[in-house]
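Taking it in order: structure first as structure tokens, then the write-up.
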Amino acid sequence: MSQNDGSSLTYAQAGVDIDAGNALVKRISPLVKATRRSGADSDIGGFGGLFDLKGAGFKDPILVAANDGVGTKLKIAIDTDTHDTVGIDLVAMCVNDLVVQGAEPLFFLDYFACGSLDVDRATAVVAGIAEGCKQAGCALIGGETAEMPGMYAKDDYDLAGFSVGAAERGTLLPRADIGEGDVLLGLASSGVHSNGFSLVRKVVERSGLSWEDAAPFDESKSLGKALMTPTKIYVKPLLEAIRNTTGVKALAHITGGGLPENLPRVLPENLTARINLDAIEAPAVFKWLAQTAQVEEFEMLRTFNCGVGMVVVASAQEADSIKTLLELQGEKVFVIGHLDQRGSEPVEFTGSLGL
């Protein structure tokens, strides 16, 4: 027999604050409006987001979709109360996966789940998402906030994102003419990006440092703030290279699995990527991670980007001009190798990262 003390129970008493949710929508509306672009100009709050492909200038488009999260980097965000950049990470992980297929990111939707909705914290997260969308040139057209007490601890939250891009039919990457002699250009990463943070957190634990201590690899910042450096968004420079040259044959976003796992995803089975590690300038954070926990070089390479967040497979004839164009767009570019006839592995390394 159920017990009833006669008192009325509300949703708020169960841990879900509808008023906080409404307040969040009001707070983030200007952030969302700031991401408007051709094809997307509707307000948030409806049951779905709208996008006009014709209004965006496409004639015969192929749609490309990607979704992702931020992973355990969120634990550092929560532990350090740093919430204004993880939204950039979220967008980056999705839109970088779109542009590698030759697609222009068009719109983005987010999913924010938490144990208890803190409007200030959630607004900071969405502000980061809006900033990432502006960097990528896509519109934030909707999302979902889910307050789930009992599923998440009070201060915990999780993020997921979904983005759609488009490319005109016949322009998708990778191209069919990838071949022996093509040049591999590596675009510098901003740091660890958003992969390998379960290992990062183990290394920090072994180091005995706190998040507030000065970062050994960047003493101008605390360790927590330094590790929260957001993932670089490569969309606009790469679209410039794709549209203004004829030599971009493939792109590879270097995420979990590093160079050994991500490059083969865009290469024919008859080719090997030969990479000279001496050509890569790995940020100091990777040397600190490797030395602090005695992580072997190959383990570093298959866990982290190790300084290269994106790889361009370029024709030998246009590699120099593509490199120059990307540098004019503000990218730091390394010539890291070339494609050769298939060897024993799809990716083979010479040299060393010097970690």
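The values are calculated or read from the model by the stated rules, or taken from the named source; none is laboratory data. Model, not experiment: these values are computed from the prediction. Glycine gets a Cβ as well: all are built from the backbone with ideal geometry, and neighbour counts include every protein chain shown. Each accessible area value is taken on the protein alone, full model and side chains, heavy atoms only, with ligands, DNA and RNA left out. Shrake-Rupley method; radii C 1.70, N 1.55, O 1.52, S 1.80 Å.
Can you find a residue that is crowded, with 16+ Cβ neighbours inside 10 Å, under 30 Å from residue 197 (Cα atoms) and of a type in the set (Ser, Thr, Tyr) anywhere in the stretch 31-48? Yes, some residue in the stretch 31-48 is crowded, with 16+ Cβ neighbours inside 10 Å, under 30 Å from residue 197 (Cα atoms) and of a type in the set (Ser, Thr, Tyr).
Take the conditions under 30 Å from residue 63 (Cα atoms), within 15 Å of the chain's Cα centre (by Cα) and open to solvent by less than 10 Å² (accessible area, probe 1.4 Å) and apply them to residue 106. Does it pass? In short, no. Is the stretch 60-73 home to any residue that is part of a loop (DSSP other than H, G, I, E, B) and farther than 29 Å from residue 254 by Cα? For the stretch 60-73, residues part of a loop (DSSP other than H, G, I, E, B) and farther than 29 Å from residue 254 by Cα: present. Failed condition for residue 68, given (1) modelled with pLDDT of 80 or more; (2) of a type outside the set (A, V, I, L, M); (3) out of contact with any Asp or Glu (no Cβ under 8 Å at 6 or more places or on another chain), with all others met? Looking at each condition in turn, residue 68 falls short on (3). Return yes when residue 92 is open to solvent by less than 10 Å² (accessible area, probe 1.4 Å) and touching a strand residue (DSSP E or B) at 6+ places or on another chain (Cβ under 8 Å) and no when it is not. Answer is no for this residue. Going through (1) open to solvent by 40 Å² or more (accessible area, probe 1.4 Å); (2) within 23 Å of the chain's Cα centre (by Cα) one by one, residue 69 falls short only on (1). Here residue 13 meets the list (1) open to solvent by less than 70 Å² (accessible area, probe 1.4 Å); (2) assigned to a loop (DSSP other than H, G, I, E, B); (3) among the polar types (S, T, N, Q) almost entirely, failing just condition (1). Can you tell me which residues in the stretch 21-49 are at pLDDT 80 or above, of a type outside the set (Ser, Thr, Tyr) and part of a helix (DSSP H, G or I)? Listed by number, the residues that qualify are 22, 23, 24, 25, 26, 27, 28, 30, 31, 33.
So is residue 167 closer than 17 Å to residue 241 by Cα and either crowded, with 21+ Cβ neighbours inside 10 Å or touching a residue at least 24 places away in the same chain (Cβ under 8 Å) (or both) or not? Criteria met by residue 167. Taking residue 82 as the residue in question, decide whether it is open to solvent by less than 50 Å² (accessible area, probe 1.4 Å), among the hydroxyl-bearing types (Ser, Thr, Tyr) and out of contact with any strand residue (DSSP E or B) (no Cβ under 8 Å at 6 or more places or on another chain). For residue 82, the condition - open to solvent by less than 50 Å² (accessible area, probe 1.4 Å), among the hydroxyl-bearing types (Ser, Thr, Tyr) and out of contact with any strand residue (DSSP E or B) (no Cβ under 8 Å at 6 or more places or on another chain) - is met.
Which residue, of 89, 60, 68, is under 18 Å from residue 158 (Cβ atoms), acidic (Asp, Glu) and in contact with a Lys or Arg (Cβ under 9 Å, 6 or more places away or on another chain)? Criteria check complete, one pass: 89. Taking the listed residues 252, 316, the one that is touching a Lys or Arg at 6+ places or on another chain (Cβ under 8 Å) and either on the phi > 0 side of the Ramachandran plot or in contact (Cβ under 8 Å) with a residue 12 or more places away in the chain (or both) is 252, with no other qualifying.
Whenever a residue of the stretch 86-109 is closer than 23 Å to residue 52 by Cα, its partners that are among the aromatic types (Phe, Trp, Tyr) and crowded, with 24+ Cβ neighbours inside 10 Å, lying with C-beta atoms within less than 8 angstrom and at least six residues away or across chains, give the pairs 91/108; 94/108; 95/108; 96/234; 99/234. Once the stretch 223-247 is narrowed to residues that are in contact with a Leu (Cβ under 7 Å, 6 or more places away or on another chain), in contact (Cβ under 8 Å) with a residue 60 or more places away in the chain and of a type outside the set (S, T, N, Q), the residue that is nearest to residue 85 (Cα to Cα) is 234.
Here's the yes/no breakdown for (1) closer than 22 Å to residue 229 by Cα; (2) touching a Lys or Arg at 6+ places or on another chain (Cβ under 8 Å); (3) β-branched (Val, Ile, Thr):
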| residue | (1), (2), (3) |
| --- | --- |
| 271 | no, yes, no |
| 287 | yes, no, no |
| 297 | no, no, no |
| 302 | yes, no, no |
| 335 | no, yes, yes |
| 341 | no, no, no |
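Please enumerate the residues belonging to the stretch 124-161 that are more than 18 Å from residue 83 (Cβ to Cβ), open to solvent by 10 Å² or more (accessible area, probe 1.4 Å) and touching a helix residue (DSSP H, G or I) at 6+ places or on another chain (Cβ under 7 Å). Listed by number, the list holds a single entry, 137.
Per this entry, residue 87 is not counted among residues that are modelled with pLDDT under 95, outside any loop (DSSP other than H, G, I, E, B) and surrounded by 17 or more Cβ atoms within 10 Å (Cβ to Cβ).
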